[in-house]
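See structure below.
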Amino acid sequence: MNEKFLSDETLFEPLKSISPLKVPAELWDKILSGIEKHPPLWHERLSLVPLRLVGVAGVVMIAISSIVFYWSKGERVDYNALNNFLYENIVEAEVEDQDPVLGEENYSDFLERDIF
Amino acid sequence: MEQVERGVIEACQQGRVEQFKVLYDHYKDFVYNLSYRFTLHEEQAEDLTQNIFITVYKTIKSFRFQADFSTWLYRLSLNQLINDKKKTGVFSKLEENEAGLERKSIGSFQDYEAGLENREKVRLLLKPLMPEEKILLILKEAYEMEYEKIADLLQIAPGTVKSKIHRIKERIRKTMKNLLAEEPIR
């Protein structure tokens, strides 16, 4: 008798025969309150934001800002032109208006000369 | 198991609770009955099911549609069952008490057959097992799964699954043989 009882078919039969149970109706409410009780943490909230979209938008903004800066306020200084301008308007002017003694008055004029 | 629609899962990933209810309705019987087979206790099964679905809600964003959702849910449920069981000493204490009562009523095969309810028989069978071992036996015997499927779910080699289940069964046979050989305590 024991051999038959200890065979796979008989011994483990009760495991197969457990009848399915009906899920209690109030379980959903418990789950819902569990979900609401544990709102997503800040880093979990962050992951809800479409980060890839934000990343692409950021790169585009940086690119546009760079271009605008380059072509407007941050326009590159042409050092050669500046050099020439300074040379022509200051050095040469000094040479032309060479005065053995650069007086106080002339010096003030020189300082206030509008070169830009 | 029939799959839930992809749109439902995507909506759940965006945190839409009304769609999560759809998902819950679809899988609640499966999860609850898996939990019940594991604990053999309705309240514990309810608590476990609650924990599993809350975990699903929190982690569903990590589902990448690379496997069936039911496989993902199966794995998550099994992990949760094993971990919850390890964490709570309450379960094992309760089971010990219940098994202690059953223990007194066993004396012979006839007593076992006639005197115990199906649930009590299962509890007696599963009592000497660790949570992971219970899962293996339940999947093999209650759900009649192939070794390969169990191996896939638990991410272990099929050969390991086969040998573990064999050892588990042998251990249960030995325990039952000892129990039945003893005189009943009445």
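The values are calculated or read from the model by the stated rules, or taken from the named source; none is laboratory data. The structure presented is a predicted model; accordingly, all values stated were derived computationally and were not measured. Cβ atoms come from the backbone with ideal geometry, glycine included; neighbour counts cover every protein chain shown.
Looking at this structure, is B:Asp68 at pLDDT 90 or above, at negative phi and acidic (Asp, Glu)?
For B:Asp68, the condition - at pLDDT 90 or above, at negative phi and acidic (Asp, Glu) - is not met.
Across region A:22-42, what is the number of residues that are modelled with pLDDT under 85 and either at the interface with chain B (Cβ under 10 Å from one of its Cβ atoms) or under 18 Å from B:Ile54 (Cβ atoms) (or both)?
6
Within the group A:Ser72, A:Ser19, A:Ser47, which residue is under 30 Å from B:Thr55 (Cβ atoms), surrounded by fewer than 10 Cβ atoms within 10 Å (Cβ to Cβ), among the polar types (S, T, N, Q) and modelled with pLDDT under 85?
A:Ser19
Among the candidates B:Ala67, B:Ala45, which residue alone is buried (at least 19 other Cβ atoms within 10 Å of the Cβ) and assigned by TED's automatic domain parsing to the domain that holds B:Asp25?
Every option except B:Ala45 fails the conditions.
Scan region B:155-172 and give yes if some residue there is among the charged types (D, E, K, R), more than 10 Å from chain A (Cβ to nearest Cβ), in contact with a helix residue (DSSP H, G or I) (Cβ under 6 Å, 6 or more places away or on another chain) and not in a helix (DSSP H, G or I), otherwise no.
no
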